[in-house]
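Visitor: Okay, here's the structure, questions in a sec.
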Ligand code: HEC
């Protein structure tokens, strides 16, 4: 291939890149009131699922979960997650319905994820989505408790949820940092 051909090919590539950059900056609507197109949503969802499941495989979770851990997880969930993700019988906060992507109701959505993946998501968050990383300020014990609770969310009744989150007795040792 001559250097002229390479030069021409590079020219075409550069023109395409400039075109894409202009399209992204001018034509693409960043408003959260504008829904993601189906193709964009599908691409983001698929990328997110694959990325999470490949990274979560090495996470080590305990074999069993104690009641104390579950109720600790419930308190964390009510304080840090429910306003975006709702709970059994509890709607998410109105403002969170203005986010794109809209945070899913975890009572249903948690059933699609393995506990390791839930742990990974809570620890690391999801870029460009508004799902925060809790790892930087929550220790392994707290993340394990949150994971245990979220894994049980799909089978939990509104009554159980209210009982677990009404803040009875468990009085943790450390001050809550939510
Ligand atoms: C400020 C809002 C917000 C808070 C607070 C929040 N999340 Fe999320 N979360 C999101 C959004 C938005 C997504 C969707 C990400 C996507 O689809 O790309 C998400 C996705 C998830 C998912 C994947 C569900 C799915 O099927 O897409 C899990 C699991 C999750 N969050 C767990 C948690 C837990 C556990 C907490 C609390 C420790 C929490 N989130 C707190 C906004 C939030």
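Laboratory data are not the source of any read-out in this text; all were calculated from the coordinates shown. Everything quoted here is computed from the prediction, not taken from an experiment. Here the Cβ is made from the backbone with ideal geometry for all residues, glycine too, and neighbour counts use every protein chain on show.
Visitor: Rank these for me by crowding, 156, 61, 16, going from fewest to most other beta carbons within 10 Å.
Guide: 16, 61, 156
Visitor: In whole percent, what relative contact order does the stretch 32-165 give with Cα contacts below 8 Å and a gap of six or more residues? Kindly include the intermediate steps, with their values, before the conclusion.
Guide: On the way: 159 pairs, mean separation 44.2, N = 134.
The value is 33 percent.
Visitor: Multiplying the sequence separation of residue 45 and residue 25 by 0.36 nm and subtracting their Cα-Cα distance, what value in nm do you get?
Guide: Using 0.36 nm per residue and subtracting the Cα-Cα distance, I get 4.9 nm.
Visitor: Oh, and also: Could I have the simple spin-label model distance between residue 159 and residue 141, label points 7 Å from Cα toward Cβ, reported in nm to one decimal?
Guide: Placing both labels 7 Å beyond Cα along the Cβ direction yields 3.2 nm.
Visitor: Obtain the radius of gyration and the Kirkwood radius of the chain from its C-alpha atoms and give Rg over Rh.
Guide: 1.14
Visitor: Tell me, in nm to one decimal, what length is gained between residue 59 and residue 96 on full extension, where the rule is 0.36 nm per residue of separation less the Cα-Cα distance?
Guide: Using 0.36 nm per residue and subtracting the Cα-Cα distance, I get 10.4 nm.
Visitor: Rounded to the nearest 10 degrees, what's the angle between the helix 67-80 long axis and the longest principal axis of the chain, both from Cα atoms, 0 to 90?
Guide: Value to nearest ten degrees: 50.
Visitor: Another question, if that's okay. As a test of the formula, what do you get for the chain when each DSSP H run with n ≥ 4 contributes -39,500 (n - 2.57) and the sum is divided by the residue count, at 222 nm and rounded to the nearest 500 deg cm²/dmol?
Guide: -16000 deg cm²/dmol
Visitor: Relative to the longest principal axis of the chain, what angle (0 to 90°, nearest 10) does the C-alpha long axis of helix 140-152 take?
Guide: 90 degrees
Visitor: Here's another thing I want to ask about it. With angles folded into 0 to 90 degrees, how steeply does helix 115-124 sit against the dominant principal axis of the chain? Use alpha carbons for both and round to 10.
Guide: For helix 115-124, the angle is close to 70 degrees.
Visitor: Now, a different point. Order these by the 10 Å Cβ neighbour count, fewest first: 127, 116.
Guide: Exposure proxy ranking, most exposed first: 127, 116.
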